[in-house]
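First the structure, in the form of structure tokens, and then the observations on it.
The values are calculated or read from the model by the stated rules, or taken from the named source; none is laboratory data. Keep in mind the model is a prediction, meaning the values are calculated, not measured. Cβ placement follows ideal geometry from the backbone for every residue including glycine, while neighbour counts extend to all protein chains displayed. Each accessible area value is taken on the protein alone, full model and side chains, heavy atoms only, with ligands, DNA and RNA left out. Shrake-Rupley method; radii C 1.70, N 1.55, O 1.52, S 1.80 Å.
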Amino acid sequence: MEVTRIRALRGPNLWSRHTAMEAVVSCASTERAMADLPGFETRLRALCPAIGALRPASPTSQVTLAHVLEAATLALQAQAGCPVTFSRTAETSEDGIYQVVVEYSEEAVGRMALDVACELIAAALADQPFDSVAAIQRMRELDEDERLGPSTGAIVYAAVARGIPYRRLTQGSLVQFGWGSRQRRIQAAEIDATSAVSEAIAQDKDLTKQLLHAAGVPVPRGRPVTDMDDAWAVANEVGLPVVVKPQDGNQGKGVTVNIVTREHLEVAYRAAAEIGQVMVESFLPGNDYRMLVVGHQLVAAARRDPPNVIGDGEHTVQQLVQLVNSDPRRGDGHATSLTKIRFDDIAVARLHAQGLQPDSVPEKGCRVVLRNNANLSTGGSATDVTEDVHPEVAARAVAAARMIGLDVCGVDIVCESVLRPLEEQHGGVVEVNAAPGLRMHLSPSFGKGRLVGEAIVNSIFPPGNDGRIPVIAVTGTNGKTTTARLITHLLASTGLRVGMTNTDGVYVNGKQTDSGDCSGPRSARNVLMHPEVDAAVFETARGGILREGLGFDRCQVAVVTNIGVGDHLGLNYITTVDDLAVLKRVIVQNVAPTGYAVLNAADPITAAMASSCPGSVIYFAADRNHPVMATHRAQGHRTVYVDGDAVIAADGARRERFPLRGIPITRNGVIGFQVENAMAAVAAAWGAGLSWDAVRSGLASFLNDADNAPGRFNVMDYCGATVIADYGHNPDAMRALVSAVDAMPAKRRMVVISCAGDRRDQDISDQTMILGDAFDSVVLYEDACQRGRADGEVFKLMREGLVNAKRARDVVEIRGEFTAIDQALARLEPGDLCLVLVDQVEDALAHLAQRCAAAQRAEGVATTG
């Protein structure tokens, strides 16, 4: 067994809506079937008992090593604590080649699981030992490093529950919620509305105290110190006991409380000095409380207790700490609900204050405190007290957050009880935190967990706002680029700033931001990350879906123009039109429940996708009486069709009419495929909620020139001859182009064509066969890139298609696209028509424009002379 390729499918894909690893696996015939490997399954399960039942894809097939790889990869992730359930193994058209797909929650863990599963299978085959426990532990540690921490995770899960899309911008806790101009960002529990100034104030504990005191919030006395002697002087000024902490710190690092001796102060000073400038302030007696303020509201409160152990009369203090730290809820970082207790110099100093040593054996029931501060990050525990907080205490916490300017704020209060106002018990606010940890509120050691993630999400996305912008995905064999451009134009005509991706590049609000084939998920994600995008239109090509899945979780409108032959069939195990349809159907399967699929009713394969749509369907076809159209319309659903000289949008008894003379790209309805593109765009705009006036004005102002739709039936004049430039590149496109040019008058018809080398032999010869029946002269040229073909091979295949041509008698071969164009132009006479099937779209169009302009200037000079 050999894994020949691995892909991470990071969005909805051919197999499922889950993120998944896809591996291409080659199984040798001698080791393919598990039944032919005596003792293998027994050895496998002995090495990893967690592997589930091994089942073939169908009752008539057998379990192969590829199926074992699938089951092992899934089981290993599940054992490591990853929430994964989906997997599948599919046979390909090649003998012994399989596609293994396994869901992952973290990509790095999914890759590791695949690698470990391969090692496991190899060990079982060779009857060698394999430490599955150690492997699972490595995966568990990697998962803890990779996955979102509890604070960020709680916010993300709350957003997902409301249907708000998210994207991790880093491997850390920086997350984007929503899309485009409606996006918001968080860094852990800190939201983008919080200013850097407010965050800086919260970091400066001395300044924070001054501001809170000015607002009437009780705070402890104290100030920053310069050295140990200064620290001892301040301690005597404010009165022992005191608290020592860094002026600029967080998570309780370097904080020591209840210091009563100079020796203890020296230890505390050194710990705080490692973090930064040191502060000394009076110690407020009582309990340590954390108040979580979101917006202008207290949403949770917890009492934090310092790390401690309870003596049993047998174990030393150090052994008791080790026993407590063995609790699976305690980890080294913030990924678990509790953190392991630190046994450091501060802990030892606290033991000394209690007359104990690390090797002391406390009496049974004796409570030994290992720190005075109660931060969870140093091993403390938390008890929820949200429902006990006195209104005056809550008001003080909110006032502190507002004074500093924090939208999400952790306010640390020390007092005897939160049941009474602070002033009555000499309590006070000792600190505010700009990015408070949420663990103590989500999973307190005691008491009820609070939905603090939901509170934060609701503060940045009020009810009814899911952070989404309209997303329209367009796919198909032909017409998708023009349709995407036309839809973009219709949206922009309403004043929306539209982001568009297609095979020509990325465009934001009419400006090109990237070039090349940008019809994949990465370009889509980049558009959705752009803050100046109000709506997005994505041409969605097959290659991007295969490589990585979709770049979005769902769309408002999915448009499928048609499904035909010749669109890269034979690549990536997509060998039939039905395979292609299943792949392109992915965008339909991921339409929002309130959205629409726009489907070509005249194409049976496309029309059949309706059953896969979670939302509604708008059919379009030129023939209003097509059975699919008639049935859909009779059921009161939306349809778009041609009636006489107009495109009609029908919904029940309502009709909206768009005269074809008002849609320039159709040339008064003469160009059939452009009429289809216009119908698809009208239906998409309808699904997106545009007004009819906006649709009508947008259709009228969209011109089919090289600027609006480069390489899409761009018509030019050359010395009285008509020149048409198009990027058609498959047999269906050739048929559509022939139908269009047949409707245009011409004395003599010429075509300039090449074919991409990565098409099937039959597709290449079919294209010239179709054109040979419609054109008098054919100029063949070889592509700029033959894509794996030898020189002359494409010429030979194109010639074969012209052998039985009914019309073409004049055929020439030319090397070089621009040379071929120039020779074709030189042979044109007034009244002729020349279709140029361009390869290098941008350069070829520029070359044609230059030649046409030069000819026009020459005609002007001749007329003047």
Check: Using a basic spin-label model with each label point 7 Å from the Cα along Cα→Cβ, how many nm lie between Asp643 and Thr42?
Finding: 7.6
Check: Expressed as a whole number of Å, what is the distance separating the alpha-carbon centroids of the stretch 79-106 and the stretch 502-542?
Finding: 30
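For the full complex of protein chains and a 1.4 angstrom probe, list Tyr727, Tyr596 by accessible area with the highest value first. Can you show the working numbers first?
Details: Tyr727 65, Tyr596 40 Å².
Most to least solvent-accessible, the answer reads Tyr727, Tyr596.
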Margin query: Quick check: Cα centre of the stretch 152-193 to Cα centre of the stretch 387-448, how many Å?
Written below: 25
Item checked: Rounded percent of accessible protein surface that carbon and sulfur make up, the stretch 483-587, 1.4 Å probe -> 46
Next item on the list: List every residue whose amide H lies under 5 Å from the amide H of Ile814, counting only residues 5 or more places away in sequence or on a different chain, with H placed 1.01 Å from N in the peptide plane.
Entry: Leu780, Tyr781, Glu782
Notebook entry, point to check: If the convex hull of the alpha-carbon atoms of the stretch 404-508 is projected onto planes in all directions, what is the mean projected area in square nanometres?
Noted result: 12.6
Next item on the list: With the full set of protein chains in place, find how many percent of the accessible area of the stretch 306-376 is carbon and sulfur; take the probe as 1.4 Å.
Entry: 47
Notebook entry, point to check: FRET efficiency for Glu829 and Ser58, Cβ-Cβ distance as r, R0 = 56 Å, nearest 0.05?
Noted result: 0.35
Next item on the list: Starting from the amide H of Ala597, placed 1.01 Å from N in the peptide plane, find each other amide H under 5 Å away whose residue is 5 or more places distant or on another chain.
Entry: Ala558, Ser616, Val617, Ile618
Notebook entry, point to check: Each residue of the stretch 516-531 in order: what ³J(HN,Hα) in whole Hz does its phi give by Karplus 6.51 cos²θ - 1.76 cosθ + 1.60, θ = phi - 60°, with x for Gly and Pro?
Noted result: x, 6, 10, 8, x, x, 5, 5, 4, 5, 5, 5, 5, 8, 6, x
Check: Please state the relative contact order of the chain as a whole percent: Cα pairs under 8 Å, 6+ residues apart?
Finding: 9
Notebook entry, point to check: Got a sec to turn the phi values of the stretch 57-67 into Karplus ³J(HN,Hα) couplings, 6.51 cos²θ - 1.76 cosθ + 1.60 with θ = phi - 60°, whole Hz, x for Gly and Pro?
Noted result: 5, 8, x, 8, 9, 10, 6, 10, 5, 5, 5
Notebook entry, point to check: To the nearest 20 debye, what is the magnitude of the charge dipole of the stretch 537-616 about its Cα centre, counting +1 on the Cβ of each Lys and Arg and -1 on the Cβ of each Asp and Glu?
Noted result: 120
Checklist line | Residue-averaged 222 nm ellipticity for the chain, from DSSP H runs of 4+ at -39500 (n - 2.57), nearest 500 | finding: -10500 deg cm²/dmol
Check: Per residue, how much accessible area does the chain have with a 1.4 Å probe, in Å²?
Finding: 40
Next item on the list: Write down Rg/Rh for the chain, rounded to two decimals, with Rg from the C-alpha atoms and Rh from the Kirkwood relation over Cα pairs.
Entry: 1.10
Check: Got a sec? Which residues in the stretch 629-667 would a label at Trp692 touch, if it sits 7 Å along Cα→Cβ and we count backbone N under 11 Å?
Finding: 648-651, 654-658
Note to self: With every protein chain left in place and a probe of 1.4 Å, what is the accessible surface of Trp15, to the nearest 10 Å²?
What the structure shows: 40
Next item on the list: Could you let me know the centre-to-centre spacing of the stretch 270-328 and the stretch 738-784, using Cα atoms, in angstrom?
Entry: 78
Next item on the list: Treat each spin label as a single point 7 Å out from the Cα along the C-beta direction, and report the Ala161 to Val577 distance in nm.
Entry: 4.8
Margin query: Which lysines, if any, have their Cα less than 22 Å from the Cα of Lys205, not counting same-chain residues under 8 positions apart?
Written below: Lys245, Lys253
Notebook entry, point to check: Each label point is 7 Å from the Cα along the Cα-to-Cβ direction; what then is the distance between the points at Gln354 and Asp127, in nm?
Noted result: 5.8
Check: Using modelled backbone amide H atoms (1.01 Å from N, in-plane), which distant-in-sequence or interchain residues come within less than 5 Å of Val385's amide H?
Finding: Ala301, Ala302, Arg303
Margin query: Rounded to the nearest percent, how much of the accessible area of the stretch 31-156 (1.4 Å probe, protein heavy atoms only) is carbon and sulfur?
Written below: 49
Note to self: What FRET efficiency comes out for Thr819 versus Glu859 if R0 is 25 angstrom and r is the Cβ-Cβ distance? Round to the nearest 0.05.
What the structure shows: 0.60
Check: What is the extension gain from Asn236 to Val670, computed as 0.36 nm multiplied by their sequence separation minus the C-alpha to C-alpha distance, in nm to one decimal?
Finding: 146.7 nm
Note to self: Just to check I understand the Karplus step: with θ = phi - 60° and J = 6.51 cos²θ - 1.76 cosθ + 1.60, what whole-Hz values come out for the stretch 758-769, glycine and proline as x?
What the structure shows: 8, 7, 5, 3, 5, 5, 5, 5, 4, 4, 6, 5
